[in-house]
Amino acid sequence: MQANQVKMEDIVSLCKRRGFVFQSSEIYGGLAGFYDYGPLGVELVNNLKKLWWQTMVGEHDNIFGLDGAIIQNPLLWEASGHIAGFTDPMVEDLVTHKRYRADHLAGVDSTDLSELTKLLKDQRSPEGNPISPPRYFNMMMKTWLGAIEGDVATAYLRPETAGAIFTNFINVKETMRAKIPFGIAQIGKAFRNEISPRDFIFRVRELEQMEMQYFINPKAQEQTYQAWREFAWNFLVNKVGIQEKNLSWHEHSEQERAHYAKAAHDIYFNFPQGPKELWGTHNRTDYDLANHSRLSGKDLTYFDEINGEKYLPYVIESSVGVGRMLLAVLVDSYSVENINSESRTVLKLKPVIAPYKVAVSPLLKNKPELVTFAQKIYQQLKQKFVMVMWDDNGNIGKRYRRQDEIGTPFCITIDFESLDNQSVTVRHRDTTKQERVPADKLVDILNKELKK
Ligand code: GAP
């Protein structure tokens, strides 16, 4: 698969121009790996999260929600292997930006940086690319608890949301009377001290994840793993509306797999910088529960009353970044078209995720009778749809261009004919076709269209 034809700089420029994404602390020169979502971005983010939550939790009787704390007892991260797993001497592939254990690459059992630097002088990565010099690297972001100097404890901002899901396995099982198989889903921020944040919001240091851990009988690992791979693909295509031609599968090799995974399949999206990971499905086996059980001293085994079987559940994980999904959606839906020898930029977003569903305009903003009628329609639609925009700035052509650029599926215009026969025009974003409809049928018509 080739890199997407859409250019990252066009997406970055649209995001800034139209209020989707801003560089964080921009007036101070920004901060690498951190971004703020603007008024349009936050609507799109919320729509993606709502869609995921509705599909994951709302449509499954055996998947329950959780909102764990960002900071947990540091022992959790010791058990999960994140403290140990991220403090090795690492080198970075300068082309793919994948990191490798320097000692593994050098084939020695040493963590001495000067020795490793010498050994790796002419070494290339497993992909055959040049590498950075080795250095110690811990992706965990540290913070300190306790107000008095000298009386502080080191804590970590979570590097993945999954941690609290494992430690709440028993709580959720008992409070929800859950029987295996069941899942726990969570949406929340995670933090990674990435060496090289890059590609706009693709790789950031403060990210948001939508994760679900599915607790199963180890015997069901294969079929469950396949089912959650399928779920991810179907969600992206059928719910979010991403074109299948921009998606592909990537199976992790042994070196690529995270320390907790026995198997991992990513869905790659065809980003402007090339096909890259969008959504991961992992078989985490009983890695996490076994380690939490060992370190906490708590029994996390499950007793299956029907089969009389006792076991430590395996976990199949489904994990996707919100920001990465937003970037994929923008790239996938972005198009520049020539209409009547005029160019327009349009985001062909599925209505369910579009930040604004409808824009309402009086044809002329200095004609009070048009404005009054249009305001009536606007107020009526605002009761029914989230979100609706009032737009009376510039001429009607400019308004359409503006709404196209932010992906608003429908523009409603009130003109002089509206005053005569109580009708309005509905303009469709993708076809640019306009139809005249009775004002009292508008809600029904939009309701139907917005479900598509
Ligand atoms: N709990 C499993 C886990 O965290 P991961 O593959 O490291 O697995 C899951 O991350 C997803 O989170 C990725 O598929 C990606 O969508 C998103 N993600 C990971 N690191 C990211 C980063 N630095 N910036 C933005 N998104 C990231």
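Quick notes on this one:
- Taking every protein chain into account, the accessible area of the chain amounts to 48 square angstrom per residue (probe 1.4 Å).
- For the range 182-232, the spread of Cα positions along the three principal axes, ordered from largest to smallest, is 40, 18, 17 Å.
- What the phi angles of the range 57-66 give under the Karplus curve with 6.51, -1.76 and 1.60, with θ = phi - 60°, is a coupling list of 8, x, 8, 10, 5, 10, 10, 10, x, 8 Hz, glycine and proline written as x.
- Accessible area of K452 in the full protein assembly, 1.4 Å probe (Å², nearest 10): 140
- Taking only the Cα atoms of the chain, the radius of gyration and Dmax are 25.6, 86 Å.
- Taking amide hydrogens as placed 1.01 Å from N in the peptide plane, the amide H of F137 sits under 5 Å from those of D88, M90, each at least 5 positions away in sequence or on another chain.
- Nearest-ten-degree value, helix 322-333 long axis tilted from longest Cα axis of the chain: 50
- In the context of the full protein assembly, R436 retains an accessible surface of approximately 90 Å², using a probe radius of 1.4 Å and ignoring ligands and nucleic acids.
- Computed from Cα positions, the angle between helix 396-405 and the longest principal axis of the chain comes to roughly 10 degrees.
- Largest first, the residues D286, D391 sort by 1.4 Å accessible area into D286, D391.
- Across the accessible surface of the chain, with the other protein chains kept in place and a 1.4 Å probe, carbon and sulfur atoms take up 50 percent.
- Pairs over the 21 Å Cα-Cα cut-off, from the set K357/K451; K382/K448; K16/K98; K49/K219; K384/K441; K350/K433: K16/K98; K49/K219.
- Taking all Cα pairs closer than 8 Å and separated by 6 or more residues, the relative contact order of the range 165-245 comes to 26 percent.
- Residues whose amide H lies under 5 Å from that of A155, counting only those 5 or more places away or on a different chain, are T143, W144, L145; hydrogens are built 1.01 Å from N in the peptide plane.
- Residue-wise HN-Hα coupling along the range 3-19, computed from phi with Karplus coefficients 6.51, -1.76, 1.60 (Hz; x: Gly, Pro): 5, 4, 5, 5, 8, 4, 5, 5, 5, 4, 5, 4, 4, 6, 4, 9, x
- Couplings 3J(HN,Hα) of the range 372-381, computed from phi: 4, 4, 4, 5, 4, 5, 4, 5, 5, 5 Hz, in residue order, whole Hz [Karplus 6.51 cos²θ - 1.76 cosθ + 1.60, θ = phi - 60°; x for Gly and Pro].
- Length-normalised contact order for the chain - Cα pairs under 8 Å, 6+ apart - percent: 14
- Ratio Rg/Rh [Cα only; Rh per Kirkwood] for the range 356-450: 0.91
- Amide H contacts under 5 Å for F271: N4, K276, restricted to partners 5 or more places along the chain or on a different chain, H placed in the peptide plane at 1.01 Å from N.
The values are calculated or read from the model by the stated rules, or taken from the named source; none is laboratory data. Here the structure is a predicted model, which is why all the values come from computation and not from measurement. These area figures cover heavy atoms from the full protein model, side chains too; ligands, DNA and RNA do not enter into them. Shrake-Rupley method; radii C 1.70, N 1.55, O 1.52, S 1.80 Å.
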